[in-house]
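Read through the structure below, which is laid out as structure tokens, and then see the notes.
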Amino acid sequence: MFRAVVLESRDGGVTSEIRELDDADLPVGEVTIDVAHSTVNYKDGLAYSGAPGVVRSYPIVPGVDLAGTVAASDDLRYRVGDRVTVTGWRMGERHWGGHAERARVPADWLVKLPDSIDTRTAMAIGTAGLTSMLCVLALERQGLTPDDGTVVVTGSSGGVGSVAISLLAGLGYTVAAVTGRTEEEPYLRRLGATEIIDRAELAGPGRPLASERWAGGVDAVGSHTLANVLAATKYGGVVAACGLAQGMDLPASVAPFILRGITLVGVESVEAPYDKRVAAWDRLATDIDRDLLETMVTEVGLSELPEVSSRILDGKVRGRVVVDVHA
Ligand code: NDP
């Protein structure tokens, strides 16, 4: 028997409770995992709230990400005791996820953790951190270097933003952090930001082109914010877009593309191919500053998940949440 959070659809809403389940309850998949840690991403908040279009069918165990050890495997690539992580793949939406002491998933979804990354660190990183690393890799692929100038990060107190700031600063970039929580300035500066910008400055409709401010950007916010980031990106610059915290729209013009030759790169981590994931985890193993990562972390147990999931939707969670599923 193991403990799991179970979401049920009831009376037009969604309820969550911790239940004792059996291995026989788990969905089909080649690999059964003893989960040690999970995390809370923005999408988990949506699942707990019952937001339309997230969870496909109930009951479901939420949790977009998990890390643990292989308990049983029908796949030759994985053996009992291997330390693994699964991020994305619609876990907690279409497939039972990581807010449980045990999980079963298709073998193709797994990545073996690098030796230097334990399960807690893996979930301090989670989908948000993996996405940040994919953004950094995308900027590098477009040839961005620290000598090109400042990189702007939006949604900076959140999970994607916090990890992106620390990774970029660690690589030697000058980082400008856009935030609605200016009281978090000391936190953002500790992560490596040297300029703090009130998000109100970028949140409304802007001009097609603005003064050139940034060589690159990591945008977790979308909508007017992304449009304004594009408008102020320097000639030849590059912006990685991965989120929609402000909105899914992009009220921009083609001016930054056709007059400044800038590049907008889309970043997706949920179904990212295996090789891309492994490359990102390998870079995280070498690049992430463990002490800084720890400053981003709040640790919770299964019983605190409904409350934390609601806070992340309100933009009140700072950095990253690690779930100790045995707590
Ligand atoms: P968080 O909730 O941790 O962070 C989002 C941050 O965005 C908030 O902390 C806040 O930062 C800022 N924000 C919130 N609301 C608004 C608003 N109305 N206008 C402007 N800024 C706002 O989420 P994550 O970091 O985990 O995820 C960020 C985004 O990336 C989400 O939209 C998520 O869905 C997406 N995502 C996409 C992935 C992909 O594969 N493409 C993978 C993972 C996440 P502050 O208070 O500092 O302003």
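Put H224, H326 in order of accessible area, highest first, and with a 1.4 Å probe you get H326, H224. Could you state the accessible area per residue of the stretch 127-266 in Å², with a 1.4 Å probe and every protein chain left in place? Value for the stretch 127-266: 38 Å² per residue.
Using only the alpha-carbon atoms, how far is helix 159-170 inclined from the longest principal axis of the chain? Give it as 0 to 90 degrees, nearest 10. So the inclination is approximately 60 degrees.
In the chain, what % of DSSP beta bridges are antiparallel (nearest 5)? Mind showing how you got there, number by number?
Values: 32 of 58 bridges.
That works out to approximately 55 percent antiparallel.
The accessible surface of the chain, taken with every protein chain in place and a 1.4 Å probe, is 49 percent carbon and sulfur. For the stretch 186-327, the Cα-based Rg and Dmax, in that order, read 17.6, 55 Å. Shape summary of the stretch 1-136, radius of gyration then Dmax from alpha carbon positions: 14.3, 47 Å. At the residue level, E212 shows approximately 100 square angstrom of accessible surface with a 1.4 angstrom probe and all protein chains present. Normalised radius of gyration (Cα atoms, divided by 2.2 N^0.38 Å) for the stretch 129-180: 1.02. The shape of the stretch 127-266 can be summarised by an equivalent ellipsoid whose semi-axes, obtained from the alpha carbon gyration tensor, come to 20, 17, 14 Å from longest to shortest.
The angle between the Cα long axis of helix 274-287 and the main principal axis of the chain comes to about 70°, on a 0 to 90 degree scale.
Among T150, T127, T87, the largest mean-square fluctuation in a Gaussian network model of the chain (Cα springs under 10 Å) belongs to T150.
Seen from all sides and averaged, what is the projected area of the convex hull of the Cα atoms in the chain, in nm²? Don't skip to the end; give the middle numbers.
Working: hull surface 63.5 nm².
Averaged projected hull area, Cα only: 15.9 nm².
Of all lysines in the structure, those lying under 26 Å Cα to Cα from K316, and not within fewer than 8 positions of it along the same chain, are K43.
With q set to 0.17, 0.19, 0.22 Å⁻¹, the log10 of I(q)/I(0) for the stretch 190-270, from the Debye formula over equal scatterers at the Cα positions, is -0.63, -0.79, -1.04.
The values are calculated or read from the model by the stated rules, or taken from the named source; none is laboratory data. Computed from a predicted model, the values in this text were never measured in an experiment. Note: areas computed on protein heavy atoms with side chains; ligands, DNA, RNA excluded. Shrake-Rupley method; radii C 1.70, N 1.55, O 1.52, S 1.80 Å.
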